[in-house]
Structures are given as structure tokens and as C-alpha cells.
1. Between rounded, prolate and oblate, where does the stretch 1-111 land on the alpha carbon gyration tensor, with a ≥ b ≥ c its root eigenvalues, rounded for a/c under 1.5, else prolate if a/b exceeds b/c?
2. Given the options Phe123, Phe60, Phe52, state which has the largest fluctuation in a GNM of the chain using a 10 Å cut-off (strictly under) for Cα springs.
3. Using a Gaussian network model of the chain whose springs link C-alpha atoms within less than 10 Å, name the residue from Gly186, Gly81, Gly131 with the highest mean-square fluctuation.
4. Given contacts defined as C-alpha pairs under 8 Å and at least six residues apart, what's the relative contact order of the chain, whole-number percent?
5. Let me know the Kirkwood hydrodynamic radius for the chain, please, with Cα pairs as the basis and the value in Å to one decimal.
6. Measure off 7 Å from each Cα along the Cα-to-Cβ vector at Lys169 and Asn203, then give the distance between these two points in nanometres to one decimal.
7. Along the charge dipole of the stretch 1-88, pointing to its positive end and built from +1/-1 on Cβ of Lys, Arg, Asp and Glu, which listed residue (Leu18, Ala58, Phe28) has its Cα farthest out?
8. If I build a Gaussian network model for the chain, linking alpha-carbon pairs within less than 10 angstrom, which residue out of Arg171, Arg11, Arg216 has the largest mean-square fluctuation?
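Just so it is clear, none of the values below were taken in a lab; they were calculated from the coordinates. Given the structure is predicted, the values throughout are model-derived calculations rather than measurements. Here the Cβ positions follow ideal geometry from the backbone for every residue, glycine too, while neighbour counts run over all protein chains shown.
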Amino acid sequence: MAEPPLHIAARRGLVDTLELMLKYHKAFPVDRENAKGQTAFLQAIHTDKRNFDADQTAQFIQVCKRLLEANANPNHTDRNGNCTLYLAINIHLNASGKVQLIDLLVKKGCGDFHLTTTNHNAFDLACYKGGKAALQALLNHNFFIQPWALETLCLGAVNSRLPPVIDLKQRMEMIQPLIQRGAALGALSQDSPKLLEILGSINRLGRDELHVAILRAFNEAQQQSLV
């Protein structure tokens with residue numbers, strides 16, 4: 001089955017071509033699916049491209065904006081259970097581009113439902129491999145924090161026990177904002193059995209720096225709650 005023209009334009013970032021197609025939208029339905037169950041918008045985000053430069057990032061964001069303005073479904077899920085927010089969290093954009101993309105999706109109604117067939121939610125994915133920018137974008141929109149997000153950040157994918165994709169330095173930087181918001185919402189507690197279990201696992205791995213960062217973040221969150 002041939003790839004629909006709108007999908008090709010979206011994937012390649014051909015903004016002018018995309019504009020013409022959307023102008024004659026009856027001939028090019030914006031939510032038409034390809035053989036993989038992907039719409040043009042989903043395929044634009046479903047890219048393996050790395051090292052976006054500034055111009056390519058701006059072009060990519062413009063493609064996404066135009067498709068959403070043309071009422072592309074921001075909650076579409078392909079046949080593998082991947083939805084747009086899942087792909088946005090994992091895309092290899094720079095920090096600014098990733099935040100812009102997640103902002104676009106959330107403002108268009110993309111919600112924090114189960115994002116994959118393994119039932120990982122937004123924070124779980126951001127903590128596993130989305131990185132600091134994805135985490136901050138979700139915090140900006142008050143997404144709910146599951147208690148196991150901290151475990152994912154420190155130890156890796158909980159279900160499969162895969163090690164974290166994010167490097168240690170970035171994980172250290174993500175601990176404080178995650179705990180600050182989680183503690184404020186009551187989702188993360190310093191005296192919870194889950195936290196003690198996480199700290200025990202961290203100690204067995206010899207990651208003292210993570211242990212210290214977690215306790216420091218809880219201490220800062222507690223101090224802020226008293227202000």
C-alpha cells in the first residue's frame with residue numbers, strides 16, 4: 001500500500017507542500033491512516049531522526065502546528081499502542097523543541113491516559129528515557145505523578161528491569177523537581193514503604209549520589225511546605 005502524500009510531506013517536513021494539501025483537505029483527509037495505523041501527524045512525530053538543528057526543529061514544530069490547526073486528532077494511537085504524547089516524550093528534539101511539542105499536544109487535549117500496550121504513563125516514560133525537558137513540560141501542565149516514577153528514574157524500567165536510558169547527571173537534575181511536585185501532591189512521601197524499597201535498591205547498586213539527592217530533595221520540599 002502506497003504511503004499517502006500527506007504522510008510523506010509531514011514526515012519530510014515539507015511545510016509548503018503540506019499547506020497546499022491542507023488547503024484542499026477533502027482530497028487529503030488529515031486523519032487518514034497508513035498501513036501501520038498512523039495518521040500524518042503521528043508519522044511526523046514517529047521519526048528516528050537525531051540531531052535536529054535549529055532550522056529543522058522550527059520546521060518540525062511548524063508541521064505539527066499546521067496539522068493540529070487542521071484538526072488532526074492529537075490522541076490518535078497506532079496499531080502498536082503508541083500515541084502522540086508517547087512519541088513526543090521520546091523524540092530526539094532539543095529541550096526547547098520537545099517542550100514546545102508537548103505543550104502543543106496538551107493544549108489540544110492530549111491526555112494522560114495509558115500511553116503504551118505496557119501501560120506506561122507520561123511521567124513513567126519521561127523518567128525512563130524522555131529526559132529533563134519532557135519531565136519539565138509535563139510538570140508545567142500538572143500531569144499526575146505515579147509513585148513509581150521515582151523508581152523508574154533511579155532504577156530503570158520497572159516492568160522489564162532495563163537500566164535507565166538517561167545518563168546519571170541528567171537523572172540527578174530530574175530528582176528535585178519530580179520529588180518537589182510529587183511531595184506537594186501527596187504522591188511521594190519520605191516515610192513511605194515504596195521509598196524505603198527504592199533507597200534499598202539504590203544502596204545495593206552502590207549509587208550513593210542518588211540516595212543523597214533523593215533525601216536532599218525531600219528535605220527541600222519539606223522546607224518549602226513550611227514557608
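1. On the way: a/c = 1.45, a/b = 1.23, b/c = 1.18.
Judged from the Cα gyration tensor, the stretch 1-111 comes out rounded (a/c under 1.5).
2. Phe52
3. Answer for the Gaussian network model of the chain: Gly186.
4. Details: 304 pairs, mean separation 28.9, N = 227.
RCO, the chain: 13 percent.
5. Numbers: mean 1/r = 0.0535 Å⁻¹.
The answer is 18.7 Å.
6. The modelled label-to-label distance comes out at 3.0 nm.
7. Farthest along the dipole direction, towards plus: Phe28.
8. Arg216
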